[in-house]
Each structure stands twice: as structure tokens, then as C-alpha cells.
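Colleague: Have a look at this one before I ask anything.
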Amino acid sequence: MNVLIIGSGGREHAIVWKVSQSPKLTKLYVLPGNPGTAPLAENVNGISVDDHAAVASFCKEKQIDLVIVGPETPLAAGVVDSLSAQRIRCFGPSQAAAQIEASKSFAKDFMARHNIPTAKYATFSNYDEAVRYLESVDYPIVIKASGLAAGKGVILPETMDEAKSALKEILVKKVFGEAGAEVVIEERMTGQEVSLMAFTDGTSVVPMLPAQDHKRLLDGDKGLNTGGMGAYAPAPIFTSAMMNEAVEKVLKPAVNGMKSEGNPFVGVLYAGLMLTPNGIRTLEFNCRFGDPETQVVLPLLETDLVEIAKACADGNLANINIHWKNSTAVCVVLASKGYPEKVESAKFVTIEQLPYDMVCFHAGTKMENENLITSGGRVFGLTAWAEDIASAVKKVYANIGKVTFDGMQYRKDIARKALK
Ligand code: AMP
Ligand code: GLY
């Protein structure tokens, strides 16, 4: 099969790395890819992912049998609808199904319609009404811009003043633009978070291994929120009873609900779960693989990802068996100085040879005059796997000095929660 992967981050490097091992593969392309994907696939330049017609002609010309879309933005923009209309097979949801991530107000109403456990909420587009509601509730709250805001649209205010000013920023000053035309105000819950991704063909749903992300910049879950500073899988806190509960109460109702509403969801359905004292609650759905969770989950997948993605696109997921390695993986994100605010870029990178059971997934790098340089906030996801999490943690930190660039910062406590 000829396969095209869309995206350029650490998640896409991990997808390319896994797909490149497929016995079904003839030729692998990635649009646009990054320097880490270049040795594994053909990086395609000169086509914008936003130009769906150009992506479709590329697929026709190269006889692409399967497209795997990495990020949410092209999914929310309808790239799968455009390609499917030309009979190009895609692993990823339609624009209507991608709303489950692209509109938090849609997602919350959807969860309510299908009894999927989540925090109490209300939705507003008017500032005064939102403030009146704030004043009427007597529990701590979270404020969320409804649309896609690159992970920055969630505010956890400590005081009423902070809450009001966040509402003003979003609804009146429009700091998130159209993504903030509506806000969701929800009850603030407590508990550990688990990222549970699942493969689905619109009817069947198969969960992957549970993972934990580390969203805060600094050790001990301190500092600013980021896109994710590291991850590990499987998360031992997530028991098989919890897995059962999540499949029955969250994943199946979500897949069945999307289908019954006429928007079957094909691809990766990612449930962000909180393990609260009252049971599992859904914080959010994403319509794609998580980043950095993918860097730890795909190395543990035994089954061919091309086979799974094709089966999902063809509605045949029930006919294949998905197997996982009896192993663990840990990923530490190596970020640029200044991340997640003002990032210092264009630093020279050196990478020494890593052990065979490690990969340095590229997220923010580029080639310039034959030198590898940094080009973003999160530069690499350094990933190791081993029979247990303690060994994987040891391995990743023992090898971290093999990657160097000026201003490199990373958390020293990734997966520590799993070792207690
Ligand atoms: P979301 O993008 O909706 O998953 O929110 C981003 C992060 O905000 C989550 O990973 C949680 O850490 C936090 N968060 C979101 N909603 C809630 C909630 N209702 N209660 C507590 N924390 C939340
Ligand atoms: N790691 C969180 C996400 O992919 O949205």
C-alpha cells in the first residue's frame, strides 16, 4: 500500500516510525513531515495541507491507498470529507465528527444527550449572562473557549475576579477569536488524569493502552500549562475495572452516539478522563492521536498500524485482533528555552547514537544548510521502552545527554507518579 501521513510533529514522527515497519507498505509519504521522518518516508513539500484539492491530486497521482491525518486542524477543516469525496481512503473523522473536539459546546451537549459522565456545565456567548451564571453557582469552576485554541483555551480561575476577567478576555476582547465566540463553564473536578485513545471504525471501538501526559512545564506539576512535557504508558493507576467502566460508559456510548446522530466517527477517538472520587468523568474528547501520548503508545503496539487504520476506514475493525507488547514506554519532551511563552529557536542540535530500544522523535526541528536546528517549543520527544516503567525511566534519563542544544529544558520527574 502507498500511505500518506499528514502532519509535522512528534506525534506524526511516531506514526511514520510505526507505519514504516508495516509489511503492507510499498511507499510512505508524509506531508510535510520533519527532519526525523525524512529517513523513513518521503517528506512532501510545496503542497499546503489547507489546499484540499491539491492534497487530493497528490493522492491520485501517487496512487495513495490510505491517508492518516495527525492533527486536529485539518480534520476540523474537513480534509477527510474532501478526500473521501474523491474515493481516497482516510483514517480520520469527517468534519462533522471532528466537532467532538473542535466544539466543546457540541461535545458537552453530545455527552449530555448520551449520558456520558462529565462535569456539570453551561454554555454562553453573552458576557453578562455568563457572569450571572458564575454568581449563581457555589462550586469551583473551569472556563473553556469552545473552539480550537491550541490547548490554551482552558482557564482554571481561583477567584471570582479572575473568572470574570477570563470571561471578558474570551467573550468581549475575543483573545481566541471565533474559537471564543462561545464559552463552556463547568464544575471543577479533582483526580488524576488518564488519556485513553481508541481505534474506531464508526461502529466497533478498541481501546489502546492508557497513558498519562504531564501538562505542566515544571517538576511536581508546577508552572505553566504546555502541550505536554512527557508521557508514559501503560498507566498503572488505570485498573482493568476502570478500563471496563471507560469502555462501557464513555467510548461505546460516544461511538454509538455519533453513529446514531448520522456522524459516524472513524479514526482515533481520544478520551481525556479524570479519575474522580465519584468515578470516571470525561474532561474532553479529541478527534486524533494525542501528543505526546502517541510517542509512548505506538511503540507498544504489536499489530500493524496500517492494517488497523485500513480496517477502521473500511468498517472492518471487528475482524482484526489488536495486540500489545508486554512492555512499557516513557517519553521525555526536550523543549526550547522560553517554552511555552517566547521560544528561542534556531539552535544547533547534536544527537549521538541511541540504544536500539529508544527513539528520539522530532517535533520542532528543521534542516538549514545541512545542519539540524531547533524550530519550535517542543523540539524532541525522547522515548525509551523497557519491561517496566522504572527501567524505562532510568534508560531515558541515562541517555538524555546524548541530545544537546542550547537552552534545552525538560522535566526530571516524568512517570514518577507511576513509581510510587
Ligand atoms: P481540556 O482541554 O478540556 O481537557 O482541559 C485541559 C485541562 O484542564 C485538563 O487536562 C485538566 O487538567 C483541566 N480541566 C479541564 N476541565 C476540568 C474540570 N472540569 N475540572 C478540573 N480540571 C479540568
Ligand atoms: N496530550 C494532549 C493532547 O494531545 O491533546
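Colleague: Would you point out the residue of segment 101-148, among those that are in contact with a helix residue (DSSP H, G or I) (Cβ under 6 Å, 6 or more places away or on another chain) and assigned to a strand (DSSP E or B), that is farthest from residue 272 (Cα to Cα)?
Modeller: Residue satisfying both the conditions and the ranking: 124.
Colleague: What number of residues within segment 45-83 satisfy the criterion of being in a loop (DSSP other than H, G, I, E, B) and either open to solvent by 10 Å² or more (accessible area, probe 1.4 Å) or on the phi > 0 side of the Ramachandran plot (or both)? Step through it out loud before you land on a result.
Modeller: Of segment 45-83, the ones in a loop (DSSP other than H, G, I, E, B) are 45-51, 62-65, 70-71, 77-78.
Right, trim to either open to solvent by 10 Å² or more (accessible area, probe 1.4 Å) or on the phi > 0 side of the Ramachandran plot (or both) and you get 45-51, 62-65, 71, 77-78.
Residues meeting the conditions: 14.
Colleague: A further question follows. Suppose we filter 18, 104, 24 for residues that are basic (Lys, Arg), open to solvent by 30 Å² or more (accessible area, probe 1.4 Å) and touching a strand residue (DSSP E or B) at 6+ places or on another chain (Cβ under 8 Å); which single one remains? So that I can check it myself, show each step before the final result.
Modeller: Details: 18 fails: open to solvent by 30 Å² or more (accessible area, probe 1.4 Å); 24 fails: touching a strand residue (DSSP E or B) at 6+ places or on another chain (Cβ under 8 Å).
Of the residues listed, the single one that is basic (Lys, Arg), open to solvent by 30 Å² or more (accessible area, probe 1.4 Å) and touching a strand residue (DSSP E or B) at 6+ places or on another chain (Cβ under 8 Å) is 104.
Colleague: Which residues, counting only those in segment 211-225, are surrounded by fewer than 21 Cβ atoms within 10 Å (Cβ to Cβ) and within 13 Å of ligand 1 (Cβ to nearest atom)?
Modeller: Within segment 211-225, 215, 216, 221, 224, 225 meet the criteria.
Colleague: Go through (1) open to solvent by 10 Å² or more (accessible area, probe 1.4 Å); (2) farther than 26 Å from residue 358 by Cβ one by one and return the number of the condition residue 42 breaks.
Modeller: (2)
Colleague: Here's a follow-up. Could you tell me how many of the residues in segment 30-44 are among the polar types (S, T, N, Q) and assigned to a loop (DSSP other than H, G, I, E, B)?
Modeller: Our first condition is that a residue be among the polar types (S, T, N, Q); within segment 30-44, this holds for 34, 37, 43.
Right, trim to assigned to a loop (DSSP other than H, G, I, E, B) and you get 34, 37.
Of the residues in that region, 2 qualify.
Colleague: Name the strands (runs of 3 or more DSSP E) wholly inside segment 349-420 in which the number of residues that are open to solvent by less than 50 Å² (accessible area, probe 1.4 Å), more than 17 Å from residue 334 (Cα to Cα) and in contact with a Gly (Cβ under 9 Å, 6 or more places away or on another chain) is 2 or more.
Modeller: Numbers: elements: 358-362, 365-368, 371-374, 378-386.
Passing ranges: none, list empty.
Colleague: Test residue 346 against the criterion of being under 24 Å from residue 210 (Cα atoms), surrounded by fewer than 18 Cβ atoms within 10 Å (Cβ to Cβ) and among the aliphatic types (A, V, I, L, M), and give yes or no. Write out each step before concluding.
Modeller: Working: under 24 Å from residue 210 (Cα atoms): no; surrounded by fewer than 18 Cβ atoms within 10 Å (Cβ to Cβ): yes; among the aliphatic types (A, V, I, L, M): yes.
Taking the combined requirement at face value, the residue does not satisfy it.
Colleague: Provide a single number: the residues in segment 7-52 that are within 16 Å of ligand 2 (Cβ to nearest atom) and among the hydrophobic types (A, V, I, L, M, F, W, C). Quick ask: steps written out before the conclusion?
Modeller: Restricting attention to segment 7-52, the residues satisfying the condition of being within 16 Å of ligand 2 (Cβ to nearest atom) are 7-15.
In the following step, the residues that additionally are among the hydrophobic types (A, V, I, L, M, F, W, C) were identified as 14-15.
Going through segment 7-52 one residue at a time, the tally reaches 2.
Colleague: Yes or no: segment 151-160 includes at least one residue that is outside any loop (DSSP other than H, G, I, E, B) and closer than 19 Å to residue 129 by Cβ.
Modeller: yes
Colleague: Inside segment 180-210, can you point out the residues that are within 16 Å of ligand 1 (Cβ to nearest atom) and of a type in the set (D, E, K, R)?
Modeller: Within segment 180-210, the first condition is being within 16 Å of ligand 1 (Cβ to nearest atom), and the residues that meet it are 180, 182-197, 210.
Correct list: 182, 186, 187, 188, 193.
Colleague: With the requirement that a residue be over 23 Å from the mean Cα position of the chain (by Cα), among the basic types (Lys, Arg) and either within 16 Å of ligand 2 (Cβ to nearest atom) or open to solvent by 70 Å² or more (accessible area, probe 1.4 Å) (or both), what does segment 136-190 give you?
Modeller: Within segment 136-190, 168, 173, 174 meet the criteria.
The values are calculated or read from the model by the stated rules, or taken from the named source; none is laboratory data. This is a predicted model, so every value here is computed, not measured. Counting neighbours? That spans all protein chains shown, and the Cβs are built from the backbone with ideal geometry, glycine included. Please note that ligands, DNA and RNA were not included when accessible areas were found on the heavy atoms of the full protein model with its side chains. Shrake-Rupley method; radii C 1.70, N 1.55, O 1.52, S 1.80 Å.
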